[in-house]
Amino acid sequence: MLDLAGTVAVVTGGGIGIGAATASILAAYGAKVAVCDVAEEVASDSSARIGGRRRSGTGGSCRPESCEPQTAEDIGEMVAFLASDKAKNITGSAFNVAGGMEMR
């Protein structure tokens, strides 16, 4: 069995679709998941659904975050947090599954 206890995952587009499914699986295997979506209410709803379905005893959890992954400001804030002392014990992954991305 996959054990993600002690890891943190940041999933953009985590409110619906593939992002929500990804966040759900990560939490089911013990990761602490930041469910990021441009719509704060959608992120909150998804986080609540995922938290209600996680396997007991895994230690996995979800928390909603409002984030627009297409703006440098929001991405900068997320990167700054992850690089700060507040996040020094975070180990894990970032998953960008938000739609509408345009690489330049």
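What to note about this one:
- Pairs are defined by a Cβ separation below 7 Å, a sequence spacing of at least 6 or placement on different chains, a first member in the stretch 72-89 that is within 18 Å of Val38 (Cα to Cα) and among the β-branched types (Val, Ile, Thr), and a second member that is modelled with pLDDT of 65 or more and surrounded by 11 or more Cβ atoms within 10 Å (Cβ to Cβ); the pairs so defined are Ile75/Pro69.
- All positions within the stretch 25-44 that are of a type in the set (Ser, Thr, Tyr) and under 19 Å from Ser66 (Cβ atoms): Ser44
- The single condition among (1) touching a helix residue (DSSP H, G or I) at 6+ places or on another chain (Cβ under 8 Å); (2) touching a residue at least 60 places away in the same chain (Cβ under 8 Å) that Ser66 does not satisfy is (2).
The values are calculated or read from the model by the stated rules, or taken from the named source; none is laboratory data. Just so we're clear, the structure is a prediction, and the values are computed from it rather than from any experiment. Here Cβ is always computed from backbone atoms with ideal geometry, including for glycine, and neighbour counts include all displayed protein chains.
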